[in-house]
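Each remark here refers to the structure printed beneath this line.
The values are calculated or read from the model by the stated rules, or taken from the named source; none is laboratory data. Since the structure is predicted, the reported quantities are computational estimates derived from the model, not experimental observations. Neighbour counts run over all protein chains shown; Cβ positions are idealised from the backbone, glycine included.
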Amino acid sequence: MAAATAMREYAQGQGLVEELTAAMKTVLIEKPANAKARFVELLTEKDAPPGTADTWSEPGKAVDDVGIPGGGKRLLLVARPQGDFKDSDFKVVEEPIPEPAAGQAVVQNIYVSVDPTHRIWASDKPQYMPAVGLGTVMRAGCVGKVVKTSDPEKMAVGTYVSLFGGVQEYACVPIATLNPVVSDVPLTYNHSVLSVVIGHTAWLGTNICKPKAGETMVVSGAAGAVGSIAAQLAKKRGAKVIGIAGGATKCAWLRDELCLDGVIDYKSDDLDAKLDELCPEGVDCFFDNVGGVTLETLLTKMRNFGRVAFCGAISAYTDENEPTVMNVKNYQMILMRRLTVQGFICVDHVDQFGTALGELIPMVMAGELKINEDVREVGVENFPSVVNDLYAGKNTGKLMLKINPE
Ligand SMILES: NC(=O)c1ccc[n+]([C@@H]2O[C@H](COP(=O)([O-])OP(=O)(O)OC[C@H]3O[C@@H](n4cnc5c(N)ncnc54)[C@H](OP(=O)(O)O)[C@@H]3O)[C@@H](O)[C@H]2O)c1
């Protein structure tokens with residue numbers, strides 16, 4: 001089953017979109033005692049989402065040759081990248097804005113999410129979703145506005161939605177695959193702190209780490225979109241939190257704004273020595289976004305029965321010799337220190353998204369979370385150079401394109 005089909009089937013509680021929007025409004029504005037419970041109920045009373053490893057990784061279908069239909073300016077993937085993305089890996093085409101068939105709507109994409117996983121999706125290596133097919137539009141999460149609909153009752157023109165919209169100006173997709181956005185917050189938050197990919201991922205990984213008072217949690221990629229939320233959640237749960245990031249500016253932000261207990265600039269500090277200095281008792285939990293040398297070093301610093309949330313390995317995404325980079329030389333430390341190491345993918349856990357929002361939304365509304373976003377107001381043709389900024393550490397927070405006005 002194609003991933004898109006799986007998502008469609010999950011969203012097939014047709015009233016879900018309106019019900020969830022109403023419930024989110026209640027949570028955000030009226031805040032009655034039962035609002036969060038009702039919201040979670042709405043998400044969980046539907047059929048279980050398709051997010052099992054089996055359906056998402058689709059062993060029988062390695063490549064999605066269908067892609068996301070759409071129009072306007074569209075960015076098609078035409079070559080498997082080697083190293084960083086190049087403009088020649090893509091082709092920009094301009095096509096008419098489609099008419100929606102029965103059950104479909106056309107969405108004008110406004111914010112296009114730019115994620116480290118784009119490099120994985122563009123490759124044909126084994127991965128957690130089918131690779132993007134050559135000649136199809138580059139896959140991307142989007143937040144946009146419905147501009148044409150086949151069913152105004154279910155999805156009115158003018159509704160703001162989040163969707164797999166692709167790196168293109170307009171997406172033509174089944175109404176059932178459109179998700180409500182959280183209103184009464186900046187629209188961009190639906191790509192950052194209140195999205196499945198960022199806020200939910202940070203929440204899931206923090207739950208795997210289980211930080212608590214008296215314990216030390218280390219977060220790599222700590223100044224990034226996921227890492228910065230995870231670090232703040234761990235602080236709120238009472239742990240001592242050490243953030244690892246590249247460069248003085250990012251480290252100063254972690255220290256002065258996020259008030260982390262210690263920071264390490266992996267580009268200029270001696271990571272090994274600095275970990276010994278800041279974590280003299282060792283590390284109880286490690287939220288890993290980068291893999292590679294950082295992971296190798298951390299494995300030697302973990303305390304017995306420590307927890308590692310394996311969220312990402314961005315240090316290896318653009319390396320064609322990935323198998324050598326990804327060999328974990330200190331794998332035996334998992335045994336020596338009796339560690340629990342869990343890889344996780346956010347889309348497998350959308351059934352818990354309501355619970356995550358129940359924790360994140362009140363913190364956002366109370367101004368208790370610092371949210372860094374990096375919005376580039378450029379066209380889809382700029383996607384290759386913008387996404388490369390992630391692998392060079394040139395983004396400051398959740399990276400996205402703004403390709404149309406709100
Ligand atoms: N498991 C899931 O479901 C899931 C969901 C979302 C994201 N992720 C993963 O989470 C990680 C963070 O994603 P994000 O969207 O929040 O991106 P991000 O952290 O906002 O941006 C990526 C950051 O990675 C760092 N980086 C790049 N190359 C590096 C290298 N060679 N060594 C060390 N750090 C490097 C850079 O920060 P510095 O300037 O500090 O180097 C860069 O700013 C990625 O690995 C991503 O694949 C996983």
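If I filter region 377-391 down to residues being within 13 Å of the ligand (Cβ to nearest atom) and of a type outside the set (A, V, I, L, M, F, W, C), which single residue comes out as surrounded by the fewest Cβ atoms within 10 Å (Cβ to Cβ)? First the steps, then the outcome.
Of the residues in region 377-391, the ones within 13 Å of the ligand (Cβ to nearest atom) are 386-391.
If we keep only those that are of a type outside the set (A, V, I, L, M, F, W, C) too, we end up with 388-389, 391.
Numbers: Asn388: 19, Asp389: 15, Tyr391: 19.
Here the residue is Asp389.
Which residue pairs have Cβ atoms under 6 Å apart, sit 6 or more places apart or on different chains, and have a first residue in region 216-231 that is at positive phi and a second that is near the ligand (Cβ under 7 Å from one of its atoms)?
As it stands, the answer is Gly221/Gly227; Gly221/Asn289; Gly221/Val290, since those pairs meet every condition given.
Considering (1) among the polar types (S, T, N, Q); (2) part of a helix (DSSP H, G or I); (3) surrounded by fewer than 21 Cβ atoms within 10 Å (Cβ to Cβ), say which one Ser268 fails and leave the rest.
(2)
Looking at region 314-329, can you tell me whether even one residue there is touching a strand residue (DSSP E or B) at 6+ places or on another chain (Cβ under 7 Å) and under 17 Å from Ile198 (Cβ atoms)?
Within region 314-329 (the criterion being touching a strand residue (DSSP E or B) at 6+ places or on another chain (Cβ under 7 Å) and under 17 Å from Ile198 (Cβ atoms)), the answer is no, since none of the residues qualifies.
For region 187-215, which residues satisfy the criterion of being away from the ligand (no atom under 16 Å from the Cβ) and in contact (Cβ under 8 Å) with a residue 60 or more places away in the chain?
Answer for region 187-215, where residues must be away from the ligand (no atom under 16 Å from the Cβ) and in contact (Cβ under 8 Å) with a residue 60 or more places away in the chain: Leu187, Lys210, Pro211, Glu215.
For Asp265, are the conditions met, namely being within 25 Å of the chain's Cα centre (by Cα) and acidic (Asp, Glu)?
yes
Would region 305-328 turn up any residue that is over 20 Å from Gly227 (Cβ atoms) and modelled with pLDDT of 95 or more?
yes
Determine, yes or no, whether Val219 is outside any helix (DSSP H, G or I), within 11 Å of the ligand (Cβ to nearest atom), in contact with a strand residue (DSSP E or B) (Cβ under 7 Å, 6 or more places away or on another chain) and farther than 18 Å from Cys311 by Cβ.
no
For Lys274, indicate whether it is crowded, with 18+ Cβ neighbours inside 10 Å, modelled with pLDDT of 95 or more, of a type in the set (Lys, Arg) and near the ligand (Cβ under 9 Å from one of its atoms).
no
Test Lys394 against the criterion of being surrounded by fewer than 16 Cβ atoms within 10 Å (Cβ to Cβ) and among the charged types (D, E, K, R), and give yes or no.
Against the criterion (surrounded by fewer than 16 Cβ atoms within 10 Å (Cβ to Cβ) and among the charged types (D, E, K, R)), Lys394 qualifies.
Which residue, of Gly246, Gly312, Gly282, is closer than 26 Å to Thr396 by Cβ and surrounded by fewer than 22 Cβ atoms within 10 Å (Cβ to Cβ)? Let's see the steps before the verdict.
Numbers: Gly312 fails: surrounded by fewer than 22 Cβ atoms within 10 Å (Cβ to Cβ); Gly282 fails: closer than 26 Å to Thr396 by Cβ.
Going through Gly246, Gly312, Gly282 in turn, the sole match is Gly246.
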